Every structure is written in structure tokens, then in C-alpha cells.
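Visitor: Just passing along the structure, written as C-alpha cells.
The values are calculated or read from the model by the stated rules, or taken from the named source; none is laboratory data. All values reported here derive from a predicted model rather than from experimental measurement. Glycine also receives a Cβ, built like all others from the backbone with ideal geometry; neighbour counts cover every protein chain displayed. Calculation scope for accessible area: heavy atoms of the full protein, side chains included, ligands and nucleic acids excluded. Shrake-Rupley method; radii C 1.70, N 1.55, O 1.52, S 1.80 Å.
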Amino acid sequence: MVVKDELTKLGLHYNRVELGEAEITENISEGLRDQIKIALLKFGLELMNDKKSVLIQKIKNVIIDLVHYSQEPLAINLSQQLQHDYTYLANLFSEVQGTTIEKFFISHKIERVKELLVYNELSLTEIAYQMHYSSVAHLSTQFKKVTGLTPSYFKKLKDKRRSMLDDM
């Protein structure tokens, strides 16, 4: 809504505005581009000019959607949604971000696992299944590699903090 409002204030017409992307019907001068950039920065949003940056942001958005909503494998989904060869996407991502798509994907999966552990609604077995791990052991190993903690210890820390707050 913020992007739509700011584009309208600047007198620009758009075909669509989606997460991370806006399609504007007019050609934009450098001055107008700067105005858009300033308007978006007020809301903590960034205007990306080059196609590589836009593609990197799309890769990140697809990965985040995959972690939260999809059942499909990473490589197939990225290639299909972004209509580029996975190798090209992986090389571009590594070059620009300094990390691999897989590491980015794993770090987001672990963040999602942390959320699920904090909500305390699912068992570790259910979380492993929901997050497409082959086993609880695989999830636990990856969790410890990323966080330095086992999922069980992470959960105990959360419970300990909560009981300390309850005692106050």
C-alpha cells in the first residue's frame, strides 16, 4: 500500500505492485527516479535499479515463500518461478551475496524451526516433517551447525526465559 500511495502522490501510473516489485507504465527520468527513491526510503524501502539486484531480491522472496508455504524442492521451484537456469541463479546469488543459495535457504529454514519451537505447538518430529527434513536427526544436526545449540536446548532456554518473566 505504501508503494502504491507514493507512486500515486508522484503522479505515476502502475500496472501492478507486488512484494518487491512495481511495474510502472511511464518512462521515468533520473530526477523522478530520485524522488521515488527518497519517498520509499522514508518508509524503510529501497529502490533497486539494476536487473541483478532485482533478480537477487526475487530469489530471496521465493526462498522465503518456499520455507513458509511450499512442498517443492528448492532448485525446481526457483528455476520455474524465475525462468532462469538454477546454475545461473546460484552463481549470481553467490557472486552478489557472498553466500550460496543453499546456505541462505538453510538459515531461513532454521529461523522457521526456531519460530515453531517457540510456539510450542508441534513436536520436533512434526517440525522435521513439516520442514521437509529426512529425519529428526538431520534437523537437529543442521540446527546445531547453524545455531550452536540443539533444538531441545534452544527450547529449554526459551522456557527458562519465560519462567523467569513469570516470576517477576
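Visitor: Of all residues in region 88-107, which are open to solvent by less than 70 Å² (accessible area, probe 1.4 Å), assigned to a helix (DSSP H, G or I) and in contact with a Phe, Trp or Tyr (Cβ under 9 Å, 6 or more places away or on another chain)?
Guide: Phe93, Ile101, Phe104
Visitor: In addition: Sort through Ile110, Ile63, Ile28, Ile56 and tell me the only one that's among the aliphatic types (A, V, I, L, M), open to solvent by less than 90 Å² (accessible area, probe 1.4 Å) and part of a loop (DSSP other than H, G, I, E, B).
Guide: On the way: Ile110 fails: part of a loop (DSSP other than H, G, I, E, B); Ile63 fails: part of a loop (DSSP other than H, G, I, E, B); Ile56 fails: part of a loop (DSSP other than H, G, I, E, B).
Going through Ile110, Ile63, Ile28, Ile56 in turn, the sole match is Ile28.
Visitor: Determine, yes or no, whether Thr141 is at pLDDT 95 or above and β-branched (Val, Ile, Thr).
Guide: Numbers: at pLDDT 95 or above: yes; β-branched (Val, Ile, Thr): yes.
For Thr141, the condition - at pLDDT 95 or above and β-branched (Val, Ile, Thr) - is met.
Visitor: Would you confirm whether any residue within region 136-149 is in a helix (DSSP H, G or I) and either among the small types (Gly, Ala, Ser) or within 30 Å of Lys51 (Cβ to Cβ) (or both)? Write out each step before concluding.
Guide: Pass one, region 136-149, residues in a helix (DSSP H, G or I): 136-147.
Now restrict to residues that are either among the small types (Gly, Ala, Ser) or within 30 Å of Lys51 (Cβ to Cβ) (or both): 137, 140.
Checking region 136-149: at least one residue is in a helix (DSSP H, G or I) and either among the small types (Gly, Ala, Ser) or within 30 Å of Lys51 (Cβ to Cβ) (or both).
Visitor: Please go through region 2-22 and give me each residue that is open to solvent by 70 Å² or more (accessible area, probe 1.4 Å) and touching a strand residue (DSSP E or B) at 6+ places or on another chain (Cβ under 8 Å), ordered by number.
Guide: Our first condition is that a residue be open to solvent by 70 Å² or more (accessible area, probe 1.4 Å); within region 2-22, this holds for 4-5, 8-9, 13-16, 18-19.
Of everything in region 2-22, those that are open to solvent by 70 Å² or more (accessible area, probe 1.4 Å) and touching a strand residue (DSSP E or B) at 6+ places or on another chain (Cβ under 8 Å) turn out to be Lys4, His13, Tyr14, Asn15, Arg16.
Visitor: When residues of region 40-59 are filtered for being touching a helix residue (DSSP H, G or I) at 6+ places or on another chain (Cβ under 7 Å) and modelled with pLDDT of 85 or more, how many remain?
Guide: Of the residues in that region, 4 qualify.
Visitor: For region 126-140, enumerate the residues that are open to solvent by 40 Å² or more (accessible area, probe 1.4 Å) and within 16 Å of Phe105 (Cβ to Cβ). Even if it seems obvious, please write down each step before you answer.
Guide: Our first condition is that a residue be open to solvent by 40 Å² or more (accessible area, probe 1.4 Å); within region 126-140, this holds for 126, 129-130, 132, 134-138.
Result: Gln130, His132, Ser134, His138.
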